[in-house]
Amino acid sequence: MAKVRMGMVGGGEGAFIGAVHRLAANLDGEIELVCGAFSRDAEKSLRSGRSLYLSDDRIYSDFRQMMIAEAALPEAQRMQFVAIVTPNYMHFPVAVEALKAGFHVLSDKPATFDLQQALRLRDLVKETGLQYGLTHTYTGYPLVKEARLRVAAGELGKIRKIVVEYPQGWLADRQEDTDNKQATWRLDPNQAGISSCMGDIGVHAANLAEYVCGLKISAVCADLTAFVDGREMDDDGSVLLRFDGGAKGVLMASQISIGEENGVRIRVYGDSGSLDWRQEEPNTLWLKSNDKPAQQLRTGGGYLNTLAAVNTRTPMGHPEGYLEAFANIYMSFASRIRALDENTPFDQRGIDTQGIEEAVRGMSFIELAVASSRSDVKWHTFEAL
């Protein structure tokens, strides 16, 4: 079998997340980067592509040109999917052009600039029958998958309470006034969309809660704030959540929590047990109850479910982390593409990727949180969208 062939839009020199995507895609040896439009600046795109050992004729400065040129190549040479690693405002136009040209799409989150674009994108994905994936990285951790299966198996009983948080401190001062490119576009509503904090990290927390618990958020009550003087977009937020099935939740996301790095954490409380997982200690999952000692599960343990085991690469005690979680997303997506494009079977037990429905729900959450924070009405429901 040949490697699955990937193109990339964005992620040129100086872009943090592009390198992360490429490392993750390469980790299992299943994917090969064959082309890219790494920057709208032709020279910068060319330098970036050459540094990745691509030939000049597969390096583009315009993503539309890239789609046309790649589609014209022989089937065995052209890219099979495109990874979108641009600022938010470019996600939708790149995805549309890729799908129309016959290419699968794996996109950074949020999927689009606004909800209406997400709904249009969902229609196009269904129309084309192509694969669409979303890189909600934290769902790629083996013990997050284990937590999902334990909840689904009823080990915690009926879910009552979900507490999910994502504190960071890197935007506690005006980084957008420096040469920090990551801060500049995230705090620009013309590039990031309606929200900074909720759109960048709050949506990760909401997705993680739904993924682990198998429940859908049905309503939100949000309070978003721009704490830093002169900042137009939110840099902090607290959200009360209601889930279908009656569970209640609390979501905290913050970019101004000084001293915090990427403190993703989820705690789930049922009527007979609870669980606790932290991204900064990703190889440990705690299961707790009131009548026996807390149980510590570890990545690589032979007692884990198949889904967690398939997404684990090293023996117990050898730490796995962010890159491996990202790579699990690429591994799953590549398996789906190979099965579809090459008509080959694959083991579905290790495959679970976030797709277009999660993309729409993510944009719905962002817009609901912003609308709720701006309104005197307490609860805003998904049905209203």
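Here are some notes:
- If the condition is being within 17 Å of Asp236 (Cβ to Cβ), touching a Leu at 6+ places or on another chain (Cβ under 8 Å) and small (Gly, Ala, Ser), then region 252-282 contributes no residue at all.
- Single residue of region 21-45 satisfying the filter (surrounded by 22 or more Cβ atoms within 10 Å (Cβ to Cβ) and in a loop (DSSP other than H, G, I, E, B)) that is farthest from the chain's Cα centre (by Cα): Ser39
- Residue match in region 166-183 (condition: touching a residue at least 60 places away in the same chain (Cβ under 8 Å), part of a strand (DSSP E or B), under 20 Å from the mean Cα position of the chain (by Cα) and surrounded by 16 or more Cβ atoms within 10 Å (Cβ to Cβ)): yes
- Here region 281-339 is the region considered, the condition is being acidic (Asp, Glu) and under 23 Å from the mean Cα position of the chain (by Cα), and the residue that is modelled with the lowest pLDDT is Glu320.
- Among the conditions (1) surrounded by 13 or more Cβ atoms within 10 Å (Cβ to Cβ); (2) within 23 Å of Gly154 (Cα to Cα); (3) not basic (Lys, Arg), the only one that Pro293 does not satisfy is (1).
- Any hit, region 321-340, residues being hydrophobic (A, V, I, L, M, F, W, C), part of a strand (DSSP E or B) and over 30 Å from Phe227 (Cα atoms): no
- From the list Ile17, Ile68, the lone residue that is hydrophobic (A, V, I, L, M, F, W, C), more than 17 Å from Gln131 (Cβ to Cβ), surrounded by fewer than 19 Cβ atoms within 10 Å (Cβ to Cβ) and modelled with pLDDT under 95 is Ile17.
- Taken as a whole, the condition of being buried (at least 21 other Cβ atoms within 10 Å of the Cβ) and either free of Cβ contacts under 8 Å to residues at least 24 places away in the same chain or in contact with a Cys (Cβ under 7 Å, 6 or more places away or on another chain) (or both) does not apply to Ile84.
- Subset tally (residues that are assigned to a loop (DSSP other than H, G, I, E, B) and not β-branched (Val, Ile, Thr)) for region 254-286: 12
- Residues in region 88-137 that are of a type in the set (Lys, Arg), closer than 22 Å to Ala209 by Cβ and assigned to a helix (DSSP H, G or I): Arg122 only.
- Residues in region 146-160 that are touching a residue at least 40 places away in the same chain (Cβ under 8 Å) and either more than 14 Å from Arg265 (Cα to Cα) or surrounded by fewer than 24 Cβ atoms within 10 Å (Cβ to Cβ) (or both): Glu146, Arg148, Leu149, Arg150, Val151, Ala152, Glu155, Leu156, Gly157, Lys158, Ile159, Arg160.
- Number of the condition not met by Leu99 [criteria: (1) surrounded by fewer than 19 Cβ atoms within 10 Å (Cβ to Cβ); (2) under 29 Å from Leu115 (Cβ atoms); (3) not aromatic (Phe, Trp, Tyr)]: (1)
- Set Leu241, Leu224: member being in a strand (DSSP E or B) and touching a helix residue (DSSP H, G or I) at 6+ places or on another chain (Cβ under 6 Å): Leu224
The values are calculated or read from the model by the stated rules, or taken from the named source; none is laboratory data. Remember, predicted model here, so these are calculated numbers, not experimental data. Quick reminder, even Gly has a Cβ in these numbers, built from the backbone with ideal geometry, and neighbours come from all protein chains shown.
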